[in-house]
Protein chains: 2
Amino acid sequence: MSSTAQVVITPDALLEHWQGHRRVTRRLIDAFPEDKLFTFSVGGMRPFSELAMEFLKMSVPTLNGIISKDWSSTGPAAPKTKAELLRLWDADTAEINRLWPTIPQGRFQERDVAFGQWEMPIYGLLWYIIDNEIHHRGQGFVYLRALGIEPPPFYDRS
Amino acid sequence: MSSTAQVVITPDALLEHWQGHRRVTRRLIDAFPEDKLFTFSVGGMRPFSELAMEFLKMSVPTLNGIISKDWSSTGPAAPKTKAELLRLWDADTAEINRLWPTIPQGRFQERDVAFGQWEMPIYGLLWYIIDNEIHHRGQGFVYLRALGIEPPPFYDRS
């Protein structure tokens, strides 16, 4: 293969990929019974509400860091109800869409030290965030099955 | 953001990303007790051996389709022991590395109908395979925790 071969993913396609996964995660949150969302887990792991909050603490704070190089933002405080979590989720969706087009051209290929700790190219950082959500959401699928609830399909990103 | 902005992931970086995830999955397979690998699950889901076989039925058959446009290959038959599954895994690792550099230049951006069913760009198809492995491997992390076994770290792709 020629060394000039490239896999080019446009910023728009990367955003749509992320938001597609986030739509699946939103459906998973919504599929949990209110109490189980905040309390149920398997094998001593965190309940799904805590995993969802981890996603929210990574998404916009990371975009803020990518755009401003200020890595000090931390994301929202933990909600107490499913409705409140879904509102935070939807606000995050809108904020991601608002921030995304302001990522400076060429920034995706730059290396940076995210939150003073993780050095990688910016596209790799975004990739990590998406992978982390897929990974922990897979956990949430098991929680739902263990509760006897059919999870939303993994492949449907609409 | 300028419409000329691009997220460029080189084929080498995409292969390394995939193989990094596959190394985590291999450690997860190896962390299961022999019998539990083939029998244990939570919530009526498939045991981890079957999920690992799904990955093997997707990886090389998809690469064969990408390279030759012949989508008829199906992957290996199910093994009966952990050692045999790990041997299949390692053979798959080597075969992926062998096939990868033969992907024709420009192929990543082409659209195709994989296995006569899924139409998407080739890079999107590879992305789906990786995401699917992360998703189901997340399930395997829960199985291990439910068995009281510490899973390998998600973030260590070495």
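Of all the residues in segment B:126-156, those that are within 8 Å of chain A (Cβ to nearest Cβ), among the acidic types (Asp, Glu) and farther than 20 Å from A:GLY20 by Cβ number 0.
Within segment B:101-125, the residues that satisfy the criterion of being surrounded by 14 or more Cβ atoms within 10 Å (Cβ to Cβ), more than 8 Å from chain A (Cβ to nearest Cβ) and either under 14 Å from A:HIS135 (Cα atoms) or touching a residue at least 24 places away in the same chain (Cβ under 8 Å) (or both) are B:ARG107, B:ASP112, B:ALA114, B:PHE115, B:ILE122, B:LEU125. For residues that are assigned to a helix (DSSP H, G or I), of a type in the set (D, E, K, R) and either touching a residue at least 60 places away in the same chain (Cβ under 8 Å) or within 14 Å of another protein chain (Cβ to nearest Cβ) (or both), tally how many sit in segment B:43-58. Matching residues across segment B:43-58 total 1.
More than 20 Å from A:TYR155 (Cα to Cα) and in contact with a Gly (Cβ under 6 Å, 6 or more places away or on another chain), is that true of B:ARG107? No, not satisfied.
Of the listed requirements (1) within 14 Å of chain B (Cβ to nearest Cβ); (2) at pLDDT below 95, A:THR74 misses just one: (1).
Can you name the residue in segment B:107-158 that is basic (Lys, Arg) and under 18 Å from the mean Cα position of the chain (by Cα) and, of all such residues, is nearest to B:MET58 (Cα to Cα)? In this case the residue turns out to be B:ARG137.
Candidates A:PHE108, A:PHE55, A:PHE115: the one that is at positive phi and in contact with a helix residue (DSSP H, G or I) (Cβ under 9 Å, 6 or more places away or on another chain) is A:PHE115.
Within segment A:1-42, the set of residues being away from chain B (no Cβ under 13 Å) and in a loop (DSSP other than H, G, I, E, B) comprises A:PHE32, A:PRO33. Within the set A:ILE9, A:ILE29, the sole residue that is modelled with pLDDT under 95 and crowded, with 18+ Cβ neighbours inside 10 Å turns out to be A:ILE9. Among the residues of segment B:90-99, at least one is free of Cβ contacts under 8 Å to residues at least 40 places away in the same chain, within 13 Å of another protein chain (Cβ to nearest Cβ), of a type outside the set (Gly, Ala, Ser) and more than 30 Å from A:MET45 (Cβ to Cβ).
Within segment A:59-82, the set of residues being small (Gly, Ala, Ser) and in a helix (DSSP H, G or I) comprises A:SER59, A:GLY65, A:SER68. Scanning segment A:67-92 for residues that are surrounded by 15 or more Cβ atoms within 10 Å (Cβ to Cβ) and under 15 Å from the mean Cα position of the chain (by Cα) yields a count of 7. The set of residues in segment B:17-40 that are under 17 Å from the mean Cα position of the chain (by Cα) and of a type in the set (Ser, Thr, Tyr) contains only B:THR25. Residues that are out of contact with any Leu (no Cβ under 6 Å at 6 or more places or on another chain) and more than 23 Å from B:GLY138 (Cβ to Cβ) within segment B:68-86 comprise B:SER68, B:LYS69, B:ASP70, B:TRP71, B:SER72, B:SER73, B:THR74, B:ALA77, B:LYS80, B:THR81, B:ALA83, B:GLU84, listed in sequence order.
The values are calculated or read from the model by the stated rules, or taken from the named source; none is laboratory data. These numbers come from a predicted model, not from an experiment. Neighbour counts run over all protein chains shown; Cβ positions are idealised from the backbone, glycine included.
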